[in-house]
Amino acid sequence: MLYDVIILGAGPAGLSAALYAGRACLKTLLIEKAMPGGQITLTSDIENYPGQLLEGESGFTLTERMNQQADKFGVEHIYDEITAVDFAGAEKVLTGVSGEYRARAVIIATGAHPRPIGCENEAAFTGRGISYCATCDGAFFRDLPVYVVGGGDSAVEEAIYLTRFAREVTIIHRREKLRAVKGIQEKAFANGKIRFLWNTVVERVDGDTALSEMTLRNVVNGETTLIRADEADGLFGLFGFVGYAPNSALFEGKLEMEHGYIITDEDMRTSIPGVFAAGDVRKKSLRQVITAAADGAIAAMQAARLLEE
């Protein structure tokens, strides 16, 4: 079957593209390898998306409504993992684990994934004390100490969220001040359960069956500090929010990129005609739900215009 448009990824960018493509009466296929919503589904509280629910809006509830809108306009949705792409011809060919898909245009909205903290033994303790999702794992650390690595919006917002469960939350930041927007910083500074370790990085994590020790290093004077879990606790939590890396390995050597991010023009066109990119996977100055949704809308409309021509 030949589709008009295939959209890779069902985060805000992909769902927005699907909504606009379906509404433009394009035969549209949305391919996602996991659950719809992308990284934003891991966010517990959203405050800055226009038109959101004023109380109780999460990444999951917002993208669930986006998904329902796309379904309303007849968008076909398939769960598969794409392993190879061929953009050379007029028909773009995508090969997945479960089948092959063809379209006249493709919109890449594969998003990004959390970067690792970068400490020794990190992989060994991922899922055994180290997490990258406060919404997913915060409740596992009820009444325990928790450490959050990072100083941007996500790190501080998730640190605030973790105070619902943790006995105390310590933000570890490699600089002497946060990078989060002022409003978020003010909430953190006003929270009595949050404390801060400035100019500090995590060098190593250790433990038996779970995370119970970590070595910190002061980046100014080089001094190291060993943190051990209280004997009564037996463990502590360590959450990493140090940014994201684009999910673009599939397109290396096929599209123009910079540091793994796909380069597009203002109309979301990539270096190959008929291939567009939207959302966190493309090079851009602001990665937020609202900009991802805007990217998706632009990409879909430009794809529709290209197909008309």
- Per residue solvent-accessible surface (Å²) - the chain, probe of 1.4 Å: 49
- Message: So if I take the centroid of the Cα atoms in the range 188-244 and the same for the range 1-32, what is the distance between those two points in Å?
- Response: 42
- Taking the chain and counting helices only, DSSP H stretches of n ≥ 4 at -39,500 (n - 2.57) each over all residues, the nearest-500 ellipticity at 222 nm comes to -7000 deg cm²/dmol
- Item | Cα-based reach from Lys72 at 20 Å (exclusive), listing aspartates and glutamates while leaving out same-chain residues under 8 positions away | Asp4, Glu32, Glu64
- Item | Dmax and Rg, reported as Rg then Dmax, of the chain (C-alpha, Å) | 21.2, 69
- If you roll a 1.4 Å probe over the chain with all protein chains in place, what percent of the accessible area is carbon or sulfur? 50
- Could you state the angle between the C-alpha long axis of helix 289-308 and the longest principal axis of the C-alpha atoms of the chain, as a value from 0 to 90 degrees rounded to the nearest 10? 10
- Message: What is the ratio of the Cα radius of gyration of the range 100-167 to 2.2 N^0.38 Å, with N the residue count, to two decimals?
- Response: 1.51
- Task: State, as an integer percentage, the relative contact order of the range 1-106 based on alpha-carbon contacts under 8 Å between residues 6 or more apart.
- Result: 32
- Item | Cα-based reach from Lys92 at 22 Å (exclusive), listing lysines while leaving out same-chain residues under 8 positions away | Lys27, Lys33, Lys254
- Item | Per principal axis, descending, Cα span of the range 158-309 in whole Å | 69, 34, 32
- Task: Would you kindly calculate the translational diffusion coefficient of the range 1-95, applying Stokes-Einstein with the Kirkwood radius from alpha carbon pairs, for 4 °C and a viscosity of 1.567 mPa s, and quote it in µm² s⁻¹ without decimals?
- Result: 92
- Beyond 17 Å, the calculated P(r) of the range 143-222 holds a percent of Cα-Cα pairs equal to 46
- Report, to the nearest 10°, how far helix 59-72 tilts away from the longest principal axis of the Cα atoms in the chain, using its own Cα long axis and a range of 0 to 90°. 10
- Note on the structure: The local net charge around Arg282, scoring Lys/Arg +1 and Asp/Glu -1 for residues other than Arg282 whose Cβ lies under 15 Å from its Cβ, equals -3
- Measure nothing fancy, just the Cα-based angle from helix 153-162's long axis to the longest principal axis of the chain, in degrees from 0 to 90, nearest 10. 60
- Item | Cα centre as origin, Lys/Arg/Asp/Glu Cβ charges: the range 229-283 dipole, Debye | 380
- By the mean-Cβ-within-10 Å protection proxy, highest first, 67-73, 170-176, 9-15 rank as 9-15, 170-176, 67-73
- Task: With a/c under 1.5 counting as rounded, go ahead and sort the range 49-146 into rounded, prolate or oblate using the C-alpha gyration tensor (a ≥ b ≥ c being the square roots of the eigenvalues; past the cut-off, prolate if a/b is larger than b/c, else oblate).
- Result: oblate
- Item | Area accessible to solvent at Tyr79, 1.4 Å probe radius, in Å² | 130
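The values are calculated or read from the model by the stated rules, or taken from the named source; none is laboratory data. Model, not experiment: these values are computed from the prediction. Positions of Cβ are generated from backbone atoms using ideal geometry, with glycine treated the same way; all protein chains shown enter the neighbour counts. Heavy atoms of the whole protein, side chains included, go into the accessibility calculation; ligands, DNA and RNA do not. Shrake-Rupley method; radii C 1.70, N 1.55, O 1.52, S 1.80 Å.
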